[in-house]
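Engineer: Below is one structure. I have some questions about it.
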Amino acid sequence: MKRLLSLAILLISCMLTEAQSGYNIPITLKPYKNTYVYLGYYYGRLKALADSTMLDENGKGVFSGKEPLPGGIYFIVSPHKEILFELLIDKQQQFSIAADSASLPNNVVFTGSQENKLFHLYTRFTNQIGNEINKTNTELKAAKTAKDSTKLKTRLKWLTDKMQLYRDSMVAKNSNSFLSALFQAMKEPVIPPGAKHPGGKYDSLFAYKYFKSHYWDGVSFDDGRLVRTPFFEAKLEKYYKELVVPNPDSIIAEVDHMLLYSRSSTEMFKFLMVHFVQKYINPEYMGQDAVFVHLFEKYINTGQADFFTQQYKDYTFKRAYSMMANLIGQPAAPLDLVDTLDKPAPLHNLKSNFVVICFWDPTCSHCKETVPKVDSIYKAKWKNEGVALYGVMVDGGKENWKKFINDNKLTGWTHAYQLPSQQKEEEAANKPNYRQLYDVYQTPILYLLDKDKNIIAKKLSYQQLDEVIDLKLKTKKSN
């Protein structure tokens, strides 16, 4: 099935093994003529271009270069920017392709590449099985009886097993091929039946541990070719989403393990480093920014990520130093600000079981909606639970700030902002501003502190903060 390709160029630093022969791949592609076609490749979930060639009036062209291409799954792109079919690039990079776009994928012919001949057979087989699976799934949705559903589910399993048997057969016959490495990487572990679990009955914990411990069987983290496939990153994402405990310590142990074993492959090490940095620099779950801080301290700040562009390095340094100051469990940085009358109103002077810090801007549309709701839950519930509210005006102007406070009757808060003179003094002394110390790059942002001003939670909604407060109070009572 044809897929649209984004032609955005992916700028990735690659180390290529020098060779005089490079690559030379003649292509004949009917019915196109006197037009460009493209050779593209996968890079995780992304797609990028490796080369292009102008087809002559007979539909002939050549992809060529002085240096060999990195191994991986590549694809041919039509003049209409559609992916026509895939091919493998490995050590053998001197072969030819002939195809007619009117009857893909059945009629692609590779000459001089046994690997691609096998890959093409597999592509045709999966296309056939895929059509049968889609047809069976459609019939299953329309099934009217339990008997019909059971029959169709049995067929689906048979088709899936047939696909795996085909892959296993090709691996057995071509164990040293790139295609075998791909099949091994695509395979998922099969959990033993319940009768073989400890005690002779199904054990969910045993099943989880078995699946996790065998998830990467057959995958070599020093095989840079896997980087240029459409499935490796998805497999990686599934592992961290479904099998790794989502606390920072567990994630850090897994990340360090993978980076260690990828050391001998520059391609894989780069890919994993970029993937993990992007994933945890703005993490999905609170507290996982500690993973990024770990990556920064152990790898980036020690020169092990010199392949980053200077712009990206600067970005990671800025984000790291912001996150270091506000990790979960650490003391909150002092906020020596002033109130609406310009009198000192430091954060650490507040005495209460909890403190909610609300960084906001009276001209921000989201703040205008959220801040009154924070005030409502504070007055209805939090105040009686020993929660103090410390509001920090980030931007918007003092007059707008005071007017919003009065118009919305935000009483009971400690309202504070930074005098322009304070900000100038910090800048002159090269001291970090509270925006950096609390990673305030948007508004509103909420933090929850305990009585000792240690950070309990951050960057959650007020409803989520309320759940955390309830949990903390419940735990305190039970103890």
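The values are calculated or read from the model by the stated rules, or taken from the named source; none is laboratory data. Since the model is a prediction, treat every value here as computed from it, not as a measurement. Glycine also receives a Cβ, built like all others from the backbone with ideal geometry; neighbour counts cover every protein chain displayed. Remember, those area values only see protein heavy atoms, side chains included, never the ligands or the DNA or RNA. Shrake-Rupley method; radii C 1.70, N 1.55, O 1.52, S 1.80 Å.
Engineer: Please list Ser461, Ser265 from largest to smallest accessible area, probe radius 1.4 Å, with all protein chains kept in place.
Structural biologist: Numbers: Ser461 45, Ser265 10 Å².
Per-residue accessible area, sorted high to low, gives Ser461, Ser265.
Engineer: Residue by residue through the range 360-374, which ³J(HN,Hα) values in whole Hz follow from phi under the Karplus form 6.51 cos²θ - 1.76 cosθ + 1.60 (θ = phi - 60°), with glycine and proline marked x?
Structural biologist: 8, 9, x, 9, 7, 4, 5, 5, 4, 7, 7, 4, x, 6, 4
Engineer: Quick one: what are the phi-derived ³J(HN,Hα) couplings along the range 141-157, Karplus 6.51/-1.76/1.60 with θ = phi - 60°, whole Hz, x for glycine and proline?
Structural biologist: Whole-Hz 3J(HN,Hα) from phi for the range 141-157: 5, 9, 4, 10, 10, 5, 4, 5, 4, 4, 5, 6, 5, 5, 5, 4, 5.
Engineer: With respect to the cross-link table entries Lys383/Lys409; Lys318/Lys351; Lys135/Lys173; Lys187/Lys209; Lys151/Lys201; Lys351/Lys474, which display a Cα-Cα separation exceeding 24 Å? Before the final figure, lay out the partial values.
Structural biologist: Values: Lys383/Lys409 15 Å; Lys318/Lys351 32 Å; Lys135/Lys173 31 Å; Lys187/Lys209 17 Å; Lys151/Lys201 27 Å; Lys351/Lys474 21 Å.
Exceeds cut-off: Lys318/Lys351; Lys135/Lys173; Lys151/Lys201.
Engineer: So, counting K/R as plus one and D/E as minus one, what does the shell of residues with Cβ under 15 Å around Glu284 add up to?
Structural biologist: Details: positive: Lys238, Lys241, Lys279, Lys458, Lys459; negative: Glu237, Glu242, Asp289.
Net charge around Glu284: +2.
Engineer: Residues with amide H under 5 Å of Tyr43's amide H, sequence separation 5 or more or different chain, H placed in the peptide plane at 1.01 Å from N; which?
Structural biologist: Ala48
Engineer: Tell me the net charge near Thr443. Cut-off is 10 Å between Cβ atoms, Thr443 excluded, with +1 for each Lys or Arg and -1 for each Asp or Glu.
Structural biologist: Details: positive: none; negative: Asp361, Asp395.
That sum, taken over residues with Cβ under 10 Å, equals -2.
Engineer: What do you reckon, how do His366, His80, His120, His348 stack up by accessible area (1.4 Å probe), largest on top? The partial results should precede the final answer.
Structural biologist: On the way: His366 100, His80 125, His120 20, His348 75 Å².
Accessible-area ranking of His366, His80, His120, His348, largest first: His80, His366, His348, His120.
Engineer: State the Kirkwood hydrodynamic radius of the range 84-210 in Å, one decimal place, computed from all pairs of distinct Cα atoms.
Structural biologist: On the way: mean 1/r = 0.0566 Å⁻¹.
Final number for the Kirkwood radius of the range 84-210 is 17.7 Å.
Engineer: If we restrict to alpha carbons, what Rg and Dmax does the range 292-397 come to, in Å?
Structural biologist: Here Rg and the maximum Cα pair distance are 18.4, 53 Å.
Engineer: Quick check: at a probe of 1.4 Å, how many percent of the accessible area of the chain sits on carbon and sulfur atoms?
Structural biologist: Details: 13220 of 25290 Å².
Using a 1.4 Å probe with all protein chains present, the chain comes out at 52 percent carbon and sulfur.
Engineer: I would also like to ask the following. Taking all pairs of distinct Cα atoms, average 1/r, flip it, and tell me the Kirkwood hydrodynamic radius of the range 208-327 in Å to one decimal place.
Structural biologist: Values: mean 1/r = 0.0669 Å⁻¹.
Kirkwood hydrodynamic radius for the range 208-327: 14.9 Å.
Engineer: Specify the inter-centroid distance of the range 409-444 and the range 213-266, based on alpha-carbon positions, in whole Å.
Structural biologist: 40
Engineer: Something else now. List the aspartates and glutamates whose Cα sits under 19 Å from the Cα of Lys147, skipping any in the same chain fewer than 8 residues away.
Structural biologist: By straight Cα distance, Lys147 reaches Glu139.
Engineer: In addition: Leaving out ligands, DNA and RNA but keeping every protein chain, what accessible area does Asp395 have, in Å² rounded to the nearest 10, with a 1.4 Å probe?
Structural biologist: 80
Engineer: Skipping prolines and chain starts, which residues have an amide H placed within reach, meaning under 5 Å, of the one on Asn454, given they are 5 or more residues away or on another chain?
Structural biologist: Ala332
Engineer: Enter the accessible area of Met54 (Å², nearest 10), with the probe set to 1.4 Å and all protein chains included.
Structural biologist: Using a 1.4 Å probe on the heavy atoms, I get roughly 90 Å².
Engineer: What aspartates and glutamates sit close enough to Lys141 to cross-link, taking a C-alpha to C-alpha distance under 17 Å and skipping anything fewer than 8 places away on the same chain?
Structural biologist: Straight-distance partners of Lys141: Glu132.
Engineer: Keeping all protein chains in position, work out how much accessible area Glu369 exposes to a 1.4 Å probe, and write it in Å² to the nearest 10.
Structural biologist: In the full protein context, Glu369 sits at about 100 Å².
Engineer: Any idea of the accessible area per residue across the chain, 1.4 Å probe, to the nearest Å²?
Structural biologist: That works out to 53 Å² for each residue.
Engineer: OK, next. Can you order the peptides 215-223, 418-426 by their average number of other Cβ atoms within 10 Å per residue, highest first?
Structural biologist: On the way: 215-223: 16.1, 418-426: 12.3.
The most tightly packed comes first, giving 215-223, 418-426.
Engineer: Let me ask something additional. Taking θ = phi - 60°, what integer Hz values does the Karplus form 6.51 cos²θ - 1.76 cosθ + 1.60 yield along the range 466-475, in sequence order, with x for Gly and Pro?
Structural biologist: Result, rounded to whole Hz: 4, 5, 5, 4, 4, 5, 5, 5, 5, 5.
Engineer: Which trypsin sites (Lys or Arg not before Pro) does the range 97-186 hold that lie in a coil by DSSP with at most 15 other beta carbons within 10 Å? Working shown, then result.
Structural biologist: Working: sites: Lys117, Arg124, Lys135, Lys141, Lys144, Lys147, Lys151, Lys153, Arg155, Lys157, Lys162, Arg167, Lys173; in loops: Lys144.
Hits after loop and neighbour filter: Lys144.
Engineer: Further question: Around Phe85, which amide H atoms from residues at least 5 apart in sequence, or from another chain, sit under 5 Å from its own amide H, with H modelled in the peptide plane?
Structural biologist: So Phe85 has HN proximity to Ile76.
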